[in-house]
Structure formats: structure tokens, C-alpha cells
1. Looking only at segment A:38-67, filter to residues that are without any contact (Cβ under 8 Å) to a residue 24 or more places away in the chain and farther than 25 Å from residue A:1 by Cα; which one of those is farthest from DNA strand C (Cβ to nearest atom)?
2. So is residue B:44 surrounded by 14 or more Cβ atoms within 10 Å (Cβ to Cβ) and over 23 Å from residue B:76 (Cβ atoms) or not?
3. Find the residue count for segment B:47-61, including only residues that are open to solvent by 90 Å² or more (accessible area, probe 1.4 Å) and within 9 Å of DNA strand D (Cβ to nearest atom).
4. Sort out for me the helices (runs of 4 or more DSSP H) sitting completely within segment A:1-40 that have 3 or more residues that are open to solvent by less than 90 Å² (accessible area, probe 1.4 Å) and farther than 18 Å from residue A:82 by Cβ.
5. Which ranges mark the helices (runs of 4 or more DSSP H) fully within segment A:41-118 that have 3 or more residues being facing another protein chain (nearest Cβ under 8 Å) and modelled with pLDDT of 75 or more?
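The values are calculated or read from the model by the stated rules, or taken from the named source; none is laboratory data. A quick note: this is a predicted structure, and the numbers were derived from the prediction, not measured. Neighbour counts run over all protein chains shown; Cβ positions are idealised from the backbone, glycine included. Ligands, DNA and RNA are excluded from the accessible area calculation, which covers all protein heavy atoms including side chains. Shrake-Rupley method; radii C 1.70, N 1.55, O 1.52, S 1.80 Å.
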Number of protein chains: 2
Amino acid sequence: MATRLSALAHEGRLTIFRLLVRAGPTGLAAGDIARQLEILPNTLSANLNVLSHAGLLASHRQGRSIIYAADFGAMRDLIGFLVEDCCDGAPEICAPLGDVLARVACCVPSTANLEPAR
Amino acid sequence: MATRLSALAHEGRLTIFRLLVRAGPTGLAAGDIARQLEILPNTLSANLNVLSHAGLLASHRQGRSIIYAADFGAMRDLIGFLVEDCCDGAPEICAPLGDVLARVACCVPSTANLEPAR
DNA sequence: TCCATAATTCCACGATAATAGAACTATATG
DNA sequence: CATATAGTTCTATTATCGTGGAATTATGGA
């Protein structure tokens, strides 16, 4: 988990990851990322490698391009780790997270038993 | 936020922070931390400094000891940042978090029923 | 085959981080 | 005041990270 945190603890890589999360499961070609964020291709490649090695990205070749996509499961696990690790004895930390989840309106529970009240 | 992530992206510091979260708002003296985790005092001091500088710890002197305590608000903000940043367009990531929150049983909304699990 | 494009890998350099020994500051106590 | 304890700061050393230029691999098209 430290490796995963470390991968995100870098302004540039955090930006890359955010872009890829927004791009969705389809992902983006390395070149597109480089263009949008104005990063040198070799620097980008190094950072994509760090993120991939941390399990945060998946990639596959498509023609001449290599498509990178955020691994949603890995990110969920990371956040879950932080939440469980912190909540274990500290309700002050994760109690307000229910509000956050409600605010982003992305987690209306089908299986979860959180009240979508509001 | 990258600074905060970076502070936690270190095995030793993550362990220190976890210990302090479990210690609760009371916190622990630096010496106690050093003893429990078997870290050299100067190394510990350096790492406590990194965590403090990232806003994750608060400290105050008490007699000869210096008491460190986890800043719950900072941690909540960090997790909130990750959740909102990721959920923005990616329900796959934070939808399951409702389950996580329910599992740790620390974030039951004030309106819902409180289950004394564990 | 030849060329252009896409991306990576190699390599070198400077910057930053991690650790540990030694010295230092602050507090308490006799 | 002398001494012991608690932490920090100083300093040096080593390791790792981040970046960019140049060369390399892989693919597609004329």
C-alpha cells in the first residue's frame, strides 16, 4: 500500500491519474496524455510506469498507440485501506465520509445499507 | 495533498500514524512511540516532523515529553479528497465504499440504527 | 523496403530523501 | 548546581527519485 500511496504522492502522477479516471474505462493513449498535460514523452512514460507498477493503471497496445486506463479496483482498495485503517477506533475520521459519499452522488447504494437520506 | 500523501507513502511513517490513530486524541509521547516501534529517536523525530509538516499530526510539550496525536480532520480531508477526486465520473470506485463504511461500523449516519457489531 | 509515428529504454545528472552517530536544548529532580 | 531523561538538531553518507537528451523498438502506410 505504501507503494501505491507513493505513486500518487507526486503532483504530475496525480494529475495523470485524475485525467485517466475521468477518461473512464476506455482510457487514453499515452500520446494523448502527453499532449493534454504537456509532458515530455519519456518523462510521461516513466511516470506511467510507476503508476502501472503500483497497480493503479492497466495498459494494452492498440495499433501504434498504447492505451492506459485507471484501475478502479485498485483505487477503491487504496481508499478502503485508508478508511478501515483509520476508522479502526476513530469514528471522527470516517463518520463524515458518509456525507462526502452522499455529496458526490456516485454511491447510491444498491447493496450498501447507507441511508441515501438527502 | 501530494505532500500529505507523500508523508504517508513510507512504511515507517504509515506505521507511526496508525499507532497514533489507535492511541486516539490523547496521543502518545515520542519516547513511547520509539519504544513500541523500536525506532531510533532521531529517525523517529525526523519522521514525526515529516508527518507534522504535512498537517497529519499535532504536538505539544508535557513535562519532558512531547505528545504527538493524529489530526483526524486532516486525514478525513485527505480521504475525502481521494474519494471526491475519483468519484467525479467514476461511480465504480466509490460505490463500494459504502460497504466499507458500513463494515467498519464507524460511520452510521445519525439517522440510522447503530449496530454494536464487534 | 523505406519512412513516419508512437512509445519506450538507456544513460547521465542533479535533487531529494532516509538513516545513523554525535552533539545540543529543555525539563525535572536530588 | 549537578545529573539524568526526553527530544531535537547537526552532519555525513548512502540510496532513491525525477528529468531530459539520445538511441531503440514496434507498428502502420506509401
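1. A:38
2. The answer is yes for residue B:44.
3. Qualifying residue count for the region: 2.
4. A:11-23, A:30-37
5. Qualifying helices (runs of 4 or more DSSP H): A:72-87, A:91-94, A:97-104.
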